[in-house]
1. Which net charge results for the neighbourhood of residue 284, defined as the other residues with beta-carbon distances under 12 angstrom from its beta-carbon, given Lys and Arg at +1 and Asp and Glu at -1?
2. About the Cα centre of the stretch 80-193, what is the dipole size in debye to 20, counting +1 per Lys and Arg Cβ and -1 per Asp and Glu Cβ, all else neutral?
3. Could you calculate the contour length gain from residue 65 to residue 120, that is, 0.36 nm times the residue separation minus the distance between their Cα atoms, to one decimal place in nm?
4. Any chance you could tell me what percent of the C-alpha pair distances in the chain go past 38 Å?
5. Give me the distance between the Cα centres of the stretch 192-267 and the stretch 273-335, rounded to whole Å.
6. Using the alpha carbon gyration tensor of the stretch 71-157, what are the three equivalent-ellipsoid semi-axes (square root of 5 times each eigenvalue), largest first, in whole Å?
7. Per 0.36 nm of contour for each residue apart, how much would the distance between residue 113 and residue 294 grow if the chain were fully extended, relative to their Cα-Cα spacing?
8. Going through the stretch 1-102, which trypsin sites (Lys or Arg not before Pro) have at most 15 other Cβ atoms within 10 Å and a DSSP loop state?
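Every read-out reported here was derived from the displayed coordinates using simple, explicitly stated rules and does not represent laboratory data. Source: prediction; values computed, not measured. Neighbour counts are summed over all protein chains in view; Cβ atoms, including those assigned to glycine, are modelled from backbone coordinates with ideal geometry.
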Amino acid sequence: MSVTELFEVTDKVDQTDLQLGADGRLRHLLTMHGLDRRQITALLDEAELYLSDIGQPVIRTDALRGRTVANLFFEPSTRTRASFDLAARRLGADVLNLDVNTSSRKKGESILDTIYTLQAMQVDVFVVRDAQAGVPAYIARHANDHVSILNAGESDVAHPTQALLDLLTIRLHKGDFENTTVAIVGDIAHSRVARSTSEALVTMGIKELRLISPKSLAPEDGTVPLQARVLHNLNEGVRGADVVMALRIQRERIGNIDGVPGIDEYFANYGVSHERMKLAAPGAIVMHPGPMNRGIEIESSLADGPNSVIPEQVKNGVAVRMAVLSTVMKSRATT
Ligand code: ASP
């Protein structure tokens with residue numbers, strides 16, 4: 001990131017206005033904030049159309065034929081980047097994966113100059129991941145009108161497509177949200193997944209949402225929905241839950257590690273394990289957004305066991321990203 005570049009801190013209301021066109025349709029996907037139940041349901045319904053069984057041919061359409069999608073990942077990514085790439089190709093788009101280590105941004109080119117350069121090559125959609133808050137909205141505010149920006153992970157603030165794939169996975173297993181209790185366990189303070197997924201679950205009317213963490217990794221006031229119950233005891237958090245999601249400790253975002261429990265202590269108190277899952281509701285599923293630290297936030301054999309839906313989350317991620325890409329492209333057709 002160019003040191004001379006300053007990003008305005010964009011508040012939630014502002015982002016909501018920015019991501020919806022004048023007709024209320026999705027022009028960019030920056031945040032789950034401001035998306036209503038109907039819009040989220042439409043995205044999940046469309047994503048379901050793109051699912052096929054593992055081992056079967058994938059679903060393809062030509063909804064994005066003649067379009068170009070650029071992946072700009074200024075932070076590491078395996079799943080999100082690969083699945084946006086596959087999603088765009090399965091919709092018939094050309095895909096550009098910018099190598100950020102050799103891009104001119106390293107030479108000090110501003111991110112907007114990078115965007116303007118790629119716009120001149122007729123890129124239609126920018127998929128952006130950045131360690132700094134505000135970058136996706138900043139680009140959305142300055143890009144050409146016909147271009148869409150998709151947030152693929154923004155600092156500790158938002159990861160909306162992860163929220164959508166989590167919701168799709170829960171809906172496929174639990175049927176609805178109103179009768180489901182979800183426990184999210186781990187580094188809630190620094191997790192963009194916890195934020196976006198919580199926000200979306202509350203919008204969908206989740207029965208109960210519990211956020212469980214050590215006190216040193218608890219969310220600050222105002223960063224998670226008021227409806228969430230913030231807890232520090234894992235047994236209490238997991239008891240009767242239908243869904244248990246473990247999160248990685250975001251070491252790259254923790255300035256001062258003092259007070260964060262060491263590995264053994266962490267696993268003993270906050271590791272999601274077979275033993276803990278005995279407290280959960282019968283048929284409870286285990287989730288994790290990846291990358292996993294086996295033996296720290298999750299017991300390795302549990303992650304590979306029959307209650308784990310972690311590989312399904314990854315599969316659903318491609319379908320959800322296809323739905324988001326095709327939705328923003330359709331809304332553009334009417335503007
Ligand atoms: N992959 C998720 C993210 O980008 C979770 C993580 O990194 O721990 O936020």
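1. Numbers: positive: 174, 239, 276, 278; negative: 242.
Cβ neighbours under 12 Å give a net charge of +3.
2. Numbers: 11 positive and 14 negative charges, 39 e Å.
Dipole about the Cα centre, nearest 20: 180 debye.
3. Working: separation 55, 0.36 × 55 = 19.80 nm, distance 1.82 nm.
Gain in length upon complete extension: 18.0 nm.
4. Numbers: 7307 of 55945 pairs.
Percent of Cα pairs beyond 38 Å in the chain: 13.
5. 16 Å
6. On the way: eigenvalues 62, 51, 36 Å².
The three semi-axes for the stretch 71-157 are 18, 16, 13 Å.
7. 61.1 nm
8. Values: sites: 12, 25, 27, 37, 38, 60, 65, 67, 79, 81, 89, 90; in loops: 25, 27, 60, 65, 67.
Qualifying residues, ordered by number: 60, 65.
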